[in-house]
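Asker: Below you'll find the structure I mean.
No value in this document is a laboratory result; all are computed from the given coordinates. Fair warning: this is a prediction, and the values are worked out from it, not measured in the lab.
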Amino acid sequence: MGTTGPFGIIILAGGSGSRLGGQDKPGLVVGDRALIGSVVAAGTAAGARQVIVVGPERPGLGSVSFVTEEPPGAGPVPALRRGLAEAAGPWVAVLAADLPFLREAHLGTLLGAAAGHNGAVLVDEARRPQWLVGCWRTEALRREAAAYAGTSLGGLFGPLAPVLVEVAPAPGEPPPWLDCDTPEDLRRARGWLRARPRERT
């Protein structure tokens, strides 16, 4: 496995939660943590030197920098650009705010796979890239974002030709890319943790 050196994380946390009835999705609790708290904990445990949250300020997350895209709610691409404006390290993980099963080891795997490339991204069981679970060379991503005129994260990330990383969960285990976009996603995530009460980040 290669090594990338110092890294930070950008968490995109400004969505409206429309598929969850407008609830504050990053603040929803799975297990004993808010969703965004699990993502911050994974990054901190993996050694992130900088944690940038693009979205509303919220307490209890430790040494986190909060920024907001202009205008607020403009979408994930403007949010990413705003986060990149603050990124100081040579590598950055770009993550959704609703990944209750993302862990330190997954970020380590991504960082190792990204070494020597522009980035690396997790894929799901169908080998579809999960664009908001990836690690990137900061300057390459910043250049691509500055030149990109579209609105799709896939359209922005894809030309960087990231390494696709498959992390197969054990049978019955939750996948690290599981996000909580819908009530059914949320029920499923909570069900996994009720069945495994000692699971911790």
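Asker: Amide H of G119 versus every other amide H placed in the peptide plane: which residues, excluding those fewer than 5 positions away on the same chain, fall under 5 Å?
Answerer: Amide H neighbours of G119: R137, V163.
Asker: When DSSP beta bridges are limited to those with both residues in the range 90-201, what percentage is antiparallel, rounded to the nearest 5? Before the final figure, lay out the partial values.
Answerer: Values: 9 of 13 bridges.
The antiparallel fraction comes to roughly 70 percent.
Asker: Okay, moving on. Express the Stokes-Einstein translational diffusion coefficient of the chain in µm² s⁻¹, to the nearest whole number, given a Kirkwood radius over alpha-carbon pairs, 4 °C and a viscosity of 1.567 mPa s. Numbers along the way, then the final one.
Answerer: Details: Rh = 16.8 Å.
The diffusion coefficient I find is 77 µm²/s.
Asker: Continuing with this model, one more query. Give me the number: length gained by fully extending T151 to E173, i.e. 0.36 nm times residue separation minus the C-alpha to C-alpha distance, one decimal in nm.
Answerer: Working: separation 22, 0.36 × 22 = 7.92 nm, distance 3.32 nm.
Value of the extension gain: 4.6 nm.
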